[in-house]
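The structure under discussion appears below in the form of structure tokens.
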Amino acid sequence: MKARLLTALTLAMWAGLTTAALAQAPSPQAASRSVIRSGKLEANTVRPASAQPPATAQPSATRYAQAKQAAARQPAAQPSRAAAQHGAAQHGAAQHAMPQRNRAFNIPRERRWIKLQYWLRGQKIPSKPDVSVNIEDPFLLKLGAQLFDMYCANCHGAEGRGDGPRAAGLQPRPRDLASGMFKFRSTPSGEPPTPQDLFQTISGGLRGTGMLPFADLPEMQRWALVAHVTKLAGTAPGEFDLGPVEIPPQPKDLSKPARIARGRQIYTKLGCDKCHGAEGRGDGPSANEQVDAYGVPMAPRDFVIQPLKRGEYIEDVYRTIVTGLDGTPMPGYLESASSEEIWDLIAFVRSLPSEGFNKVSPLEIARARELVNIQQGRGQHAVVSGCGCGSGG
Ligand code: HEC
Ligand code: HEC
């Protein structure tokens, strides 16, 4: 009985991903951004802006130069005709440098599928860069613009305004990247994400949404995309008031009953249950009133049957709770909960009988495989459903 309900709900989620249409969203100016003032941050520590890791990290210049050469040699898998036309309109001659479709193109597809399985299971997708990059490097910006046209514009729109041809069919809608409003940051509410945050989103995707992982793209190409997204968002890299929230070492007793019991109390004390429901089913008394920054109704996560968008890694759940998800009703608890309380909350949320936490139903995998097959059959990139091909049929 329960299994059947879950199956139905999972199906509904997949269907929702592709079919639900949304009313025209009002402008992002309607967004309310909470501002965190410094000096009021007893509960959790934030690295002061002066202690920021620079947007340009430090390793060897030679490796960077080598990686650049490699990235220039193989900018990306060949885009579809539609994407190429679209891209050519955007970038003129730059597109002619793209290699022709060849057999090598089939290999990454397979790798992409393997990565997708990791992703569905919540396994770690590598997001630690090997090489350090300067995301204001003109070379990266140019490459990033090309890649964005091929992989992202179909959903996010050519200018990143969230208005690509596929956008209307997606729920949630692809983000208007030019709004500069990002959900998944390591920085406090209201601050821009770090380049590493964007790298992680692009590499690992956002589970349960149309935002699929691009972990199989060479790292340099993912950095190029970070550079382009940062440019679209108009946020200068390293421009933070406070910078990333520090995550204290993870306690060892997260599965212990005492910690979970404390977590349940704090969950109620802080009012998580108002939205997420007493048992984490996303059905709290205020759940139905929640809207995002565009005024579109938005359900609080159901921790039992929905995967966490950001993935199940403890430190990422910590980031979500502390920094909040900008543009959604999910607040950040930087000032209102101590780090011990955040750990308690995580212990409680993880203890819920979850289908989403590190588990993926066989149905979800089957559906994902089907999606990949459909894309392969059309000669599209596996997993990358927004390569531009959809608009061309
Ligand atoms: C005012 C309503 C509201 C309150 C209060 C609230 N949340 Fe949320 N929360 C949301 C919404 C809405 C989302 C979904 C955002 C999205 O999907 O983009 C969410 C998402 C989440 C996620 C999922 C992030 C992901 O990766 O998908 C976690 C974890 C979470 N909340 C934990 C908590 C905890 C713990 C508390 C209490 C300390 C809390 N929330 C309080 C509305 C709320
Ligand atoms: C199939 C459609 C689709 C494609 C293709 C796609 N995205 Fe997304 N993207 C989405 C959706 C949907 C969201 C919003 C998810 C949400 O709000 O929960 C999103 C959100 C994002 C975000 C915002 C994350 C945050 O913290 O709020 C970034 C950045 C992003 N995408 C970058 C990219 C880049 C770069 C590419 C190309 C490499 C890309 N996307 C391709 C659908 C897509």
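The values are calculated or read from the model by the stated rules, or taken from the named source; none is laboratory data. What you see is a predicted model, and the numbers here were worked out from it, not measured in a lab. Backbone-built Cβ (ideal geometry, glycine too); neighbour counts: all protein chains shown.
List the helices (runs of 4 or more DSSP H) that sit entirely inside region 140-233 and contain at least 3 residues that are among the hydrophobic types (A, V, I, L, M, F, W, C) and out of contact with any strand residue (DSSP E or B) (no Cβ under 7 Å at 6 or more places or on another chain). Steps first, please.
Numbers: elements: 153-156, 195-204, 219-233.
Answer list for region 140-233: 195-204, 219-233.
Checking the conditions here, which among ALA167, ALA145 is near ligand 2 (Cβ under 9 Å from one of its atoms) and hydrophobic (A, V, I, L, M, F, W, C)?
ALA167
Consider ALA233 carefully, then state whether it is within 18 Å of GLY144 (Cβ to Cβ), of a type in the set (A, V, I, L, M, F, W, C) and either without any contact (Cβ under 8 Å) to a residue 60 or more places away in the chain or within 11 Å of ligand 2 (Cβ to nearest atom) (or both). Talk me through it step by step, then tell me what you get.
Values: within 18 Å of GLY144 (Cβ to Cβ): yes; of a type in the set (A, V, I, L, M, F, W, C): yes; either without any contact (Cβ under 8 Å) to a residue 60 or more places away in the chain or within 11 Å of ligand 2 (Cβ to nearest atom) (or both): yes.
It is true that ALA233 is within 18 Å of GLY144 (Cβ to Cβ), of a type in the set (A, V, I, L, M, F, W, C) and either without any contact (Cβ under 8 Å) to a residue 60 or more places away in the chain or within 11 Å of ligand 2 (Cβ to nearest atom) (or both).
Could you give every pair whose Cβ atoms fall below 7 Å, whose first residue belongs to region 317-330 and is of a type in the set (D, E, K, R), and whose second residue is within 8 Å of ligand 1 (Cβ to nearest atom), counting only separations of at least 6 or pairs across chains?
If the second residue must be within 8 Å of ligand 1 (Cβ to nearest atom), the pairs left are ASP326/LYS183.
Filter region 261-278 down to residues that are of a type in the set (Gly, Ala, Ser) and assigned to a helix (DSSP H, G or I) and give me whichever is nearest to ligand 2 (Cβ to nearest atom).
Among those residues, the one meeting the criterion is GLY263.
Listed residues THR320, THR235; which is away from ligand 1 (no atom under 15 Å from the Cβ), more than 15 Å from LEU352 (Cβ to Cβ) and either assigned by TED's automatic domain parsing to the domain that holds GLY205 or out of contact with any helix residue (DSSP H, G or I) (no Cβ under 8 Å at 6 or more places or on another chain) (or both)?
Working: THR320 fails: away from ligand 1 (no atom under 15 Å from the Cβ).
Matching residue, one of THR320, THR235: THR235.
Where residues in region 318-346 are farther than 22 Å from ARG173 by Cα and of a type in the set (A, V, I, L, M, F, W, C), which of them is farthest from ligand 2 (Cβ to nearest atom)?
Only one residue fits best here, namely TRP343.
Quick check on region 244-260. Is at least one of its residues part of a loop (DSSP other than H, G, I, E, B), closer than 21 Å to ILE314 by Cβ and hydroxyl-bearing (Ser, Thr, Tyr)? Don't jump to the end; show me each part of the working.
Narrowing region 244-260 to residues part of a loop (DSSP other than H, G, I, E, B): 244, 246-256.
Now drop any that are not closer than 21 Å to ILE314 by Cβ, which leaves 244, 246-256.
With the extra rule that they be hydroxyl-bearing (Ser, Thr, Tyr), the set shrinks to 255.
There is at least one residue in region 244-260 that is part of a loop (DSSP other than H, G, I, E, B), closer than 21 Å to ILE314 by Cβ and hydroxyl-bearing (Ser, Thr, Tyr).
Can you confirm whether region 304-315 contains a residue that is in a loop (DSSP other than H, G, I, E, B) and modelled with pLDDT of 95 or more?
Here is the first cut: in region 304-315, the residues in a loop (DSSP other than H, G, I, E, B) are 304-313.
Now restrict to residues that are modelled with pLDDT of 95 or more: none.
No; the residues of region 304-315 include none that is in a loop (DSSP other than H, G, I, E, B) and modelled with pLDDT of 95 or more.
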